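Read the structure below first, then the notes.
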Amino acid sequence: MNSAYPRLDALQLPAQANRLLGGELGSPAIGIVHLGLGSFHRAHQAVYTEEAMLAAGGDWAICGVTLRDHPAMQEALAPQDMLYSVLTRDRDSERIQIVRAIRQVLVAPRQRDELMALLRAPQVRIVSLTVTEKGYCYDARTGGLDFQHPAIEHDLQHPDSPSSVPGLLVAALRARRSNPFTVLSCDNLAHNGHVLRQVVVQFAQALDAELAEWIAAEVAFPSTMVDRIVPATTDEDRAAVSSATGYYDAWPVPTESFRQWVIEDKFPLGRPAWERVGAMLVDDVTPYELAKLRMLNGTHSTMAYLGVLGGFETVDRAIADPDLHALIRNMMTEEILPTLSLPDSFDRLAYRDQLLQRYANPALKHKTMQIAADGSLKLPPRLLGTIADRIAAGASFSRLALGVAAWMRFLLRRTDSSSSYEISDPMAARLGDLASQSGGDNVVLMNSLLDLREIFPAELAGNASFRTELLGMLERLASLGARRSIQIVA
């Protein structure tokens, strides 16, 4: 702790901190349990919920749950009565907001009984999630639950002491037959509500067919689309909050002013008035979800892999390069936008330009290596689906192919300047072995990776035009490096 400043405290807030509250919140009861408490939730859904309670009231306070045996978040927030600061930065402005919506933090492996009691409580009407793609124990090959996942195997044998997301939800829903909570996925995952429903129902089916049938018929799993760039917190962020406010916050959250939340409006037990504070409540999230996955996430991943290879540490530095800026802009305009079906009211080119402006925000310092994590899960919805649509239309996809090739070269764990790094991915060991066994041979590398059905659908992996384009990009990256390849392909 920085002893030069008093700790952020609910009972004795410094005068400056009082001016950073949005109004009188009162003492709302917990109505939402959020699984996967991290910086994104604290900068996104928790902020919307705080503002919704300020606008319209309601008992919608949040209990945040850390699913791993890692108490750092709890230890940071508990001495602050769960308060924290959101540090919103744009190119020329900075704003700090104190958020109070989270009233409790639990560490699931250490407080499982307390968590299960809360999930069973009628006051909890929504269970939301940001657990990343891997938290769903989803098998892309089968389109359902991964029954070989160690956590699933454990939970099916010990259903009363679950550790996986499907196991936790089924255990709680078993006790909520009269008034089941709504299960709200907020992850960057295509059709996230459908995917979550699928794995939960299949897990229940393996235990109790009647329970599974009831969950499928009675429990709501709305889909959502979420968007806000939230870099990892640094000591510089902590120092900035202290300097600006006069208090010390152990874990503030840096973010941008832009935020977006599109929600399928399906909440049998009610919900906060999120629409009062900028969220879009719609009948079908799919068009917005696809636009975000392909336009933002797809180009983000492309920048991440090319950025790591080419020595661009952060997104703003990457997009400041004229050649990479041109590549990303042209990828959006010529290769991604034509694959989207959006309402006529949605200004596609304005959305493109807004994304480019967001990438250029130097205040966020969003690291390309951070975005590069979990590529085996991110590649299919972010890039491969777009490529498949372009092939079906008989259209070009060279920039998209460069993004996939950059991911393959990224697995060799060496930048163009010969710096080494480690990869973070649920398939890291297998991917690393395949990359090492290729000996840097592009054909061997491509063929071994295209054989991974968890990532590449058979139809795409066997497509001759895809293989030809991809191999050409791999050879270009190997011989010319990322920066020169960007310049040529842009």
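A short reminder: the numbers here are calculations on the coordinates, not readings from a lab. Predicted, not measured: the structure shown is a model, and the values here were computed from it. For neighbour counting, all protein chains shown are included, and Cβ atoms are generated from backbone atoms with ideal geometry for every residue, glycine included.
So for the chain, taking the charge dipole from beta-carbon charges (+1 Lys/Arg, -1 Asp/Glu), which of GLY58, LEU184, ALA428 sits furthest toward the positive end?
Among GLY58, LEU184, ALA428, the one farthest towards the positive end of the dipole of the chain is ALA428.
Which ³J(HN,Hα) values, rounded to whole Hz and listed in residue order, are derived for segment 263-279 from phi using the Karplus coefficients 6.51, -1.76 and 1.60 in 6.51 cos²θ - 1.76 cosθ + 1.60 with θ = phi - 60°, glycine and proline given as x?
With coefficients 6.51, -1.76 and 1.60, one gets 10, 5, 7, 9, 9, x, 9, x, 7, x, 7, 4, 5, 6, 10, x, 6 Hz.
For LEU471, LEU35, LEU449, what ranking results if the residue with the fewest other Cβ atoms within 10 Å of its Cβ goes first? Show your work: numbers first, answer last.
Details: LEU471 17, LEU35 25, LEU449 22.
Ranking LEU471, LEU35, LEU449 by Cβ neighbours within 10 Å, fewest first, gives LEU471, LEU449, LEU35.
Would you count, across the chain, every pair of lysines whose alpha carbons are under 24 angstrom apart, provided the pair is eight or more residues apart or spans two chains?
Number of lysine pairs found: 9.
Read phi for every residue in segment 154-160 and hand back ³J(HN,Hα) as whole Hz from Karplus 6.51 cos²θ - 1.76 cosθ + 1.60, θ = phi - 60°, with x for Gly and Pro.
With coefficients 6.51, -1.76 and 1.60, one gets 4, 5, 5, 7, 10, x, 8 Hz.
Quick one: length gained pulling GLN437 to ARG95 fully straight, 0.36 nm per residue minus the C-alpha distance?
The GLN437-ARG95 span can extend by a further 118.2 nm.
Antiparallel DSSP bridges in the chain: what percent, to the nearest 5?
Working: 15 of 40 bridges.
Around 40 percent antiparallel, to the nearest 5.
If you find the alpha carbon centre of segment 438-490 and of segment 202-245, how far apart are they in angstrom?
Between the Cα centres of segment 438-490 and segment 202-245 lies a distance of 33 Å.
Answer with one residue from ILE391, LEU377, SER417: the one whose Cα lies farthest towards the positive end of the charge dipole of segment 286-489, charges on Cβ with Lys, Arg +1 and Asp, Glu -1.
Sorting the options by dipole projection puts first SER417.
Which order, highest average first, do 472-482, 229-239, 37-47 follow once you tally other Cβ atoms within 10 Å for each residue and take the mean per peptide?
Numbers: 472-482: 18.8, 229-239: 16.3, 37-47: 23.5.
Result, highest mean first: 37-47, 472-482, 229-239.
Could you size up the charge dipole of segment 286-489 around its Cα centre, putting +1 on the beta carbon of Lys and Arg and -1 on that of Asp and Glu, and report it in debye to the nearest 20? Intermediate results must be reported in sequence, preceding the final value.
Working: 22 positive and 22 negative charges, 61 e Å.
The calculated dipole for segment 286-489 is roughly 300 debye.
What order do you get for 120-127, 313-320, 456-463 when each peptide is scored by the mean count of other beta carbon atoms within 10 Å, highest first? Could you put the intermediate results ahead of the total?
On the way: 120-127: 18.0, 313-320: 20.1, 456-463: 14.9.
Put in order of decreasing packing, that is 313-320, 120-127, 456-463.
Tell me which residues come under 5 Å, amide H to amide H, from ILE102 once H is placed; ignore anything under 5 positions away on its chain.
Counting only residues 5 or more places away or on other chains, the set is ILE62.
How large is the charge dipole for the chain, taken about the Cα centre, if only the Cβ atoms of Lys, Arg (+1) and Asp, Glu (-1) carry charge, to the nearest 20 debye?
On the way: 47 positive and 57 negative charges, 112 e Å.
Here the chain has a charge dipole of around 540 debye.
Rounded, prolate or oblate: which fits segment 93-187, taking a ≥ b ≥ c as square roots of the Cα gyration tensor eigenvalues, rounded meaning a/c under 1.5, else prolate when a/b beats b/c? Don't skip to the end; give the middle numbers.
Details: a/c = 1.89, a/b = 1.31, b/c = 1.44.
Because a/c hits 1.5 or more and a/b fails to exceed b/c, segment 93-187 counts as oblate.
For SER178, SER93, SER161, SER223, which order do you get if you count the other beta carbons within 10 Å of each Cβ and list the fewest first? Don't skip to the answer; put the middle values down first.
Details: SER178 6, SER93 9, SER161 14, SER223 26.
Lowest count first: SER178, SER93, SER161, SER223.
Using a 10 Å cut-off around each Cβ, can you sort SER418, SER485 from fewest to most neighbouring Cβ atoms?
Working: SER418 6, SER485 27.
Sorted ascending by nearby Cβ count, the order is SER418, SER485.
Quick one: Karplus J couplings for segment 414-419, per residue in order, coefficients 6.51, -1.76, 1.60, θ = phi - 60°, nearest Hz, x for Gly and Pro?
8, 6, 5, 9, 6, 7
Amide H to amide H under 5 Å from HIS34: which residues, 5+ apart in sequence or cross-chain, H placed 1.01 Å off N in plane?
CYS63, GLY64, VAL65, SER128
Arranged from highest to lowest average of other beta-carbon atoms within 10 Å per residue, in what order do the peptides 275-283, 78-86 appear? Display every interim value, and only then the final one.
Details: 275-283: 15.9, 78-86: 19.9.
For the peptides 275-283, 78-86, the packing ranking is 78-86, 275-283.
Where the centroid of each part is defined by its Cα atoms, how far is segment 112-132 from segment 46-81 in Å?
13
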